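Trainee: Structure provided below as structure tokens; questions to follow.
The values are calculated or read from the model by the stated rules, or taken from the named source; none is laboratory data. The structure presented is a predicted model; accordingly, all values stated were derived computationally and were not measured. Note: ideal-geometry Cβ built from the backbone for every residue, glycine included; neighbour counts use all protein chains shown. With ligands, DNA and RNA removed, areas are computed over all heavy atoms of the protein, side chains included. Shrake-Rupley method; radii C 1.70, N 1.55, O 1.52, S 1.80 Å.
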Amino acid sequence: MATLTQTLVQVKRRGLPRPGRLTYLTLIAIAFFSAFPLYYSAVVGSLDNSALGQVPPPFLPGGNLITNIERVFTTVPFATALLNSAIVASSITVSVVLLSTLAGFAFAKLRFRGRNGLYLAVVATMMVPTQLGIIPLYMLMANVGWIDTLYAVIAPNLISAFGVFFMAQYLSAAIPTELLEAGRVDGCTTFGLFWRVVLPLARPAAAVLGMLTFMNAWNDFFWPLVVLTPENPTVQVSLSSISSGYSVDYSFTLAATTVATIPLLIVAALFGKQIIAGIMQGALKG
């Protein structure tokens, strides 16, 4: 509340225009159209398949949501898929955030031989399509015996070139060099600076990177489809098997989709506080 009050005071002092009714109506419209697909997925998931042919289409929930969700968990190993995706996405997110912040700190604030060339090589890997490495990566996973294990899904994604680039750009502007020099004068080591200075200041960007990484890992389909079996799937592989076939039961499919979306909403809510804090911090500095 104090931060919001300070921001409003600064806005008043600078003479910036306050948002009008059109701004609020635009934001409400954006929120509505953003949330409507999720709402309608839940509506369709709570009906039976015959209700989808009604004119006009139904917009209110029915009474079959629990039944359809029970069908999802009894028809396919959806509980296993949720657990696998949670393990994979959480492991990848923690690793990418920590390693990307560490590498970004090194590229942004440390001086060492070959820094620019190495940074250019990391960024250049972002232009290489993932599909080009599928065959050699699958052969590598087969040689180490990781086929049909979560290790094969987690290991190739423990570091992200985008994450390194993102954190390097953020830390180069967010952390003053004088602050690091003051820490060194106080006897802090390089890792001590990273742990006590860089990580706390990088929380807003780390929250954004963590949310994007979790969503990307949760929604990943192609690589888990290649290395995992239908008996040990992730969520997206299970959703693909549910929606495949000659005749698709859309209420059944969208009930599963609604359940699979809930963890993403929880993660967005958890990281939202840090993201908003970063936005407010940038607004105050501006």
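Trainee: I need to check one value: relative contact order of the chain, counting alpha carbon pairs closer than 8 Å and at least 6 residues apart, in percent.
Mentor: After rounding, I find 31 percent.
Trainee: What accessible area per residue comes out for the chain, rounded to a whole number of Å², with a 1.4 Å probe?
Mentor: 60
Trainee: If I take every Cα pair under 8 Å that is 6 or more residues apart in the stretch 141-286, average their sequence separation and divide by the length, what percent do I get for the relative contact order?
Mentor: 28
Trainee: Just need the relative contact order of the stretch 103-172 here, percent rounded to a whole number, with Cα pairs under 8 Å and 6+ apart.
Mentor: Normalised by residue count, the contact order of the stretch 103-172 is 70 percent.
Trainee: Compute, for S238, the solvent-accessible surface of its heavy atoms (probe 1.4 Å) with the complete set of protein chains present, and express it in square angstrom to the nearest 10.
Mentor: Its accessible surface works out to 0 Å², give or take rounding.
Trainee: In debye to the nearest 20, how big a dipole does the stretch 158-279 give about its Cα centre with +1 on each Lys and Arg Cβ and -1 on each Asp and Glu Cβ?
Mentor: So the dipole magnitude of the stretch 158-279 works out to roughly 240 debye.
Trainee: Let me ask something else about it. Using a 1.4 angstrom probe on the protein heavy atoms only, line up L38, L132, L265 by accessible area, largest first.
Mentor: Correct descending sequence by accessible area is L132, L265, L38.
Trainee: With the dipole of the chain worked out from charges on the C-beta (+1 for Lys and Arg, -1 for Asp and Glu) around the Cα centre, which of I69, S90, L102 lies farthest toward the positive end?
Mentor: Projecting each Cα onto the dipole axis, the largest value belongs to L102.
Trainee: Another question about this same structure. For the stretch 200-223, list residues with backbone N below 17 Å from a point placed 7 Å from the Cα of S243 toward its Cβ?
Mentor: 216-223
Trainee: Counting other Cβ atoms within 10 Å, keep those with at most 16, restrict to DSSP loop, and tell me which trypsin sites (Lys or Arg not before Pro) in the stretch 58-114 are left.
Mentor: R111, R113
Trainee: How far is helix 134-143 tilted off the main Cα axis of the chain, in degrees rounded to 10, range 0 to 90?
Mentor: Roughly 90 degrees between the two axes.
Trainee: With every protein chain kept in the model, how would you rank W195, W218 by accessible area, 1.4 Å probe, largest at the top?
Mentor: These residues rank, largest area first, as W195, W218.
Trainee: Let me ask something else. Quick check: from the Cα gyration tensor, does the chain come out rounded (a/c under 1.5), prolate or oblate?
Mentor: Oblate, because a/c is 1.5 or more while a/b does not exceed b/c.
Trainee: Find which of A268, L47, T257 sits farthest along the positive direction of the dipole of the chain, computed with +1 on the beta-carbon of Lys and Arg, -1 on that of Asp and Glu, about the Cα centre.
Mentor: Working it through, the farthest residue towards the positive pole turns out to be A268.
Trainee: May I pose another question? How big is the dipole moment of the chain about its Cα centre under a simple scheme where the beta carbon of each Lys and Arg is +1, that of each Asp and Glu is -1, and everything else is neutral? Debye, nearest 20, please.
Mentor: About 1560 debye.
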